[in-house]
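> Below you will find the structure I want to go over with you.
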Amino acid sequence: MTATAHSTDVFRAIADPTRRSLLALLHEGERPATELAAHFRISQPAVSQQLAVLRSARLVSERRQGRQRLYRIDGAPLREVADWLAFYERFWRGRLDRLGRYLDRMAASETSAAARPARRVGAKRPRGHSGRKA
């Protein structure tokens, strides 16, 4: 499998909320498939299919102990996801910092505008002032 194909499999695998939930459960430690299935409102075979996707992406490994299949998480492929996210985290942090500075400037200009005395609506104009430009 090429690195690109494996990357696609990892991202595809974590795109599904059920598979992300399975990874979260396995983060707590190795568990049998039947115990994992008890956490979901889907059938045991459906959970097994989700685990198969995670296995093919190398996010979980399986071992047999008697009649049980025990699953455990393999976090190594998630390093690639973390690296990818780190790039976008820096990108958005920079964008949000600029937005914050812009909003601070806007708030400061509104504060200074609010500090100026405002002319009341309907206030009488000084004598000799018609309001028209000459």
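> Got a sec? How would His39, His27 order by Cβ neighbour count within 10 Å, fewest to most?
The most exposed by this proxy come first: His27, His39.
> Out of all Cα-Cα pairs in the range 1-116, roughly what percent, to the nearest whole number, are more than 23 Å apart?
Percentage above 23 Å: 48.
Laboratory data are not the source of any read-out in this text; all were calculated from the coordinates shown. Quantities reported herein were computed from a predicted structural model and do not represent experimental measurements. Note that each Cβ is placed from the backbone with ideal geometry, even for glycine, and that neighbours are counted across all protein chains shown.
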